[in-house]
Every structure is written in C-alpha cells, then in structure tokens.
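Everything below concerns the one structure shown next.
The values are calculated or read from the model by the stated rules, or taken from the named source; none is laboratory data. Predicted, not measured: the structure shown is a model, and the values here were computed from it. Note that we place each Cβ from the backbone using ideal geometry, even for glycine, and neighbour counts take in every protein chain shown. In case anyone asks, the SASA skips ligands and DNA or RNA and just uses the protein heavy atoms, side chains included. Shrake-Rupley method; radii C 1.70, N 1.55, O 1.52, S 1.80 Å.
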Amino acid sequence: MRESSNPVFRSLPKSQGGYAQFGTGAAGYGTQAVHADPYVTQYPEQRQAGVARPMTIDDVVTKTGVTLAVLAAVAVVTYFLAAVNPAVALPLAMVGAIGGLVLVLVATFGRKQDNPAIVLSYAGLEGLFLGAISWVFGRSVEIAGGSAGALITQAVLATFGVFFGMLVVYKTGAIRVTPKFTRMIVAGLFGVLVLMLGNLVLAMFGVGGGEGMGLRAGGPIAIIFSLVCIGLAAFSFLIDFDSADQMIRAGAPEKAAWGVALGLTVTLVWLYIEILRLLSYFQSD
C-alpha cells in the first residue's frame, strides 16, 4: 500500500494491489469494483445498509469540477474587488490562506474530507487567496511595465497544462507510482517545506536584507527553487491519481470523491502559485 504525498489523501482509504488505470473504464465500475473484497472489509456498514454505491471516475470529475468552479468564481470576484480597492488585497489573501489551511487540517485530521461543506468552503477561501494574490503579483508586473492579464492567463494555462500532461503520463504508464517514487516525492516535499520555513524565519530577522536565503527574491536561486517546487507539485499529481485509483478499486463510497476533489485542488493551488511567482520573476525584469 502506498502513502500519498498529499496529506489530504493520506487519511483516505487505500486498497491493496498494483497499478490502477485512472480514467480507463472506472466510470462503469462494474462487477470488479462492486464485488471487490476491500469494499466489504473497509465499508461493511455501507454495504449492509445498501445506501452507498461505489465511487466512480465520473464522481471524481464532477466533484472536482464543482470545487474548482467555486474557487474560480470567488477568485474572479476577489480580483476585481482588489482592483477597485487595493487596500483589501492583502487582508483578503491572509483570510483566504489561513482559513484554507485551517479547513485542510480539519478535513485531514478530523477525517472529514468527504464533507462537501468543508470542501466547498475551502474552495471559497482559496478563491479569496488566489484572487487577491493574483492581483498583487499582477500589480507588481504592471509597475515593471508588464501585463497583469498576460501573467495570470499564462499561469492558469500552464497550471492546467501541467495537470493534464501528468494525467497523460499516468494513464500511459510512462512513470510508475511505486513506493520508492512516493518516498522520494515525500522527502522532496518535506525538504521544500523546511527551506520555506527557514527562509521565512531568516527574513523576519532581517537576514539577507529581509530576503532570508533569497528563495523568493527573484534571483537565480529563487528561480531554481520555484522550478523545484513546480516539479514536485507536478509529480505529486501522479501520486494523487494513484490514490484515487486505489479508492475506486477498493469500492469507496461515492461521497469519498469529495476528498479526492479536495486533494487535487490543494495540489492545483500550490502549482498555480508557484507558476505565477516564477512568471512574475521574468516579467518584472
């Protein structure tokens, strides 16, 4: 059994078995999913009550689409609010970032990933954060003579380009999700987290002129660090897809698709921010 690099997926049920086929035949789920032994052992109360059907790929796509639609709608409204009143940009970004983090922790450690209210509330809060922070980055680019619209459009297209590209990589089996691969990604994520926290602490104490180790200063080190983060986020999608596959093969109940949607959205948000930041470095020169 493999552990996901995404904390949201880690507490979701997994199945034993080999490489699954995300998006290939899962929509019909059929007899293999319905009669899979893990469904009987992991969800006996649902099976006995007859109230839960197995999760399908269609459920994952639908729930993820709804979650991203809420996030995008709130982000657009927030962006224009910040454009009208720049003073609200940073407060909205802080509220969204902190609130989103709290809900992810509640969902993860409280095992409430399948609660649609929590998932959609997270999407709304992250919409506040993304809308406000996109305006902040866009404004910095405009001051340097660039285009905020071009920056954001490129970041959005690149984010979904990476997402669908990694989906193709997963479906074709070009990169297999093995325990060793997962351990490498998890180690990389922990390393990046330690560096981020260290950079923040050093910056707070004025080291490097308030820029810490320079991981977010826009120089060569910052560019390399952003590329590493983007790479880790991209490879994390493979583990997320595999986790979703294991749940489908285990016959997880339909509502578990909300947990998958939450996990994918967390990774997408991180990827978008890193791409947006990287593009801003080049367009601010």
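Number of Lys pairs in the range 55-282 with C-alpha atoms less than 25 angstrom apart, excluding same-chain neighbours closer than eight positions?
Values: LYS63/LYS112; LYS63/LYS171; LYS63/LYS255; LYS112/LYS255; LYS171/LYS180; LYS171/LYS255.
Here the count comes out as 6.
Could you grab the relative contact order for the range 55-282? Cα pairs under 8 Å, six or more apart, rounded to a whole percent.
Values: 257 pairs, mean separation 71.4, N = 228.
Once divided by the residue count of the range 55-282, the mean separation gives 31 percent.
Sorted by accessible area (1.4 Å probe), largest first, how do LEU193, LEU92, LEU238, LEU157 line up?
Numbers: LEU193 85, LEU92 40, LEU238 0, LEU157 120 Å².
From most accessible down to least: LEU157, LEU193, LEU92, LEU238.
Run the accessible area of the range 180-285 with a 1.4 Å probe and give the carbon-and-sulfur part as a rounded percent. Before the final figure, lay out each step's value.
Values: 3140 of 4170 Å².
Taking all protein chains in place, the range 180-285 shows 75 percent carbon and sulfur surface.
I'd like the accessible area for PHE190, computed on protein heavy atoms only with a 1.4 Å probe and all protein chains in place. Round to 10 Å², please.
110 Å²
Using mean Cβ contacts within 10 Å as the protection proxy, how do 203-210, 248-255, 111-118 order, highest first?
Numbers: 203-210: 12.0, 248-255: 23.8, 111-118: 17.0.
Listed from highest to lowest mean packing, they are 248-255, 111-118, 203-210.
Give the ranking of PHE163, PHE237 by solvent-accessible surface, highest area first, calculated with a 1.4 Å probe. Numbers along the way, then the final one.
Values: PHE163 30, PHE237 0 Å².
Most to least solvent-accessible, the answer reads PHE163, PHE237.
Along its principal axes, what span do the Cα atoms of the range 55-282 show, with the longest given first and each in whole Å?
Its Cα atoms span 53, 38, 32 Å along the three principal axes.
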